[in-house]
1. Rounded if a/c is under 1.5, else prolate if a/b beats b/c, else oblate: with a ≥ b ≥ c from the C-alpha gyration tensor eigenvalues square-rooted, which is segment 88-168?
2. How large are Rg and Dmax for segment 16-168 when only the alpha carbon atoms are used, in Å?
3. With every protein chain kept in place and ligands, DNA and RNA left out, what is the accessible area per residue of segment 77-119? Probe 1.4 Å, answer in Å².
4. Among 60, 166, what's the order by accessible area (1.4 angstrom probe), most exposed first?
5. State the percentage of accessible surface on segment 52-141 attributable to carbon and sulfur atoms; use a 1.4 Å probe and exclude ligands, DNA and RNA.
6. If the label point is 7 Å along Cα→Cβ of residue 137, which residues in segment 39-78 have backbone nitrogen under 20 Å from it?
Amino acid sequence: MDWRVVGFAVVLATVLLAPPAALAQETIAGFGAAIDGDSLIVEDREVRLFGIDAAEADQECQEWQGSRQVSYPCGAMATALLESLVSDRQVHCVARGPAEAEIVIAICFAAGIDLADSMAWSGWVVADRTVTPRYVAASETARQAQRGLWGGMFDEPSAWRARTGEPD
């Protein structure tokens, strides 16, 4: 038996039987710039990172400083971290579904690092458990270590948007 023929047959069957969406995953690559903690521009396309939800760019959070509760710009801090991860680096994104209003939902990498995983591990975003369990462990690790948002008090980004009328 010629194993090359068998291997080719397996690959051919996989391609022919795969759902069309699996074959047509859009990829976007180029230099990136952060919009906020879970969105960026790559090659003139707006991309939202799949599986996480970040504090919005103008969202404030609270932390204790001694006996005083003070506000700090947690959304700006999340944006700054994402910007530092993509600044002067090639970003490669693979779409996870059809674009929503011209925004591509994708898993993105820069310098071999999964951007959403890095943001979840840092604590400046929360894992979106309604979409995927992929980033839950990293988010939970950040919560236990009290990193980022978890070091103080914050409204879940979705709750903050609902309260302030900020669009998603």
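1. Numbers: a/c = 1.90, a/b = 1.16, b/c = 1.64.
Oblate is the answer for segment 88-168, as a/c is 1.5 or above yet b/c matches or exceeds a/b.
2. Cα only, segment 16-168: 15.9, 64 Å (Rg, Dmax).
3. Details: 2050 Å² over 43 residues.
Using a 1.4 Å probe on heavy atoms only, each residue of segment 77-119 averages 48 Å².
4. On the way: 60 90, 166 65 Å².
From most accessible down to least: 60, 166.
5. Numbers: 2390 of 4440 Å².
About 54 percent, which is the carbon plus sulfur part of the accessible surface.
6. Once the point is set 7 Å along Cα→Cβ of residue 137, 50-53 turn out to lie under 20 Å by backbone N, inside segment 39-78.
The values are calculated or read from the model by the stated rules, or taken from the named source; none is laboratory data. None of these values were measured; they are calculated from a predicted model. All Cβ positions, glycine included, derive from the backbone under ideal geometry; neighbour counts span all protein chains shown. Heads up: the accessible areas ignore ligands, DNA and RNA and are worked out on the full protein's heavy atoms, side chains in. Shrake-Rupley method; radii C 1.70, N 1.55, O 1.52, S 1.80 Å.
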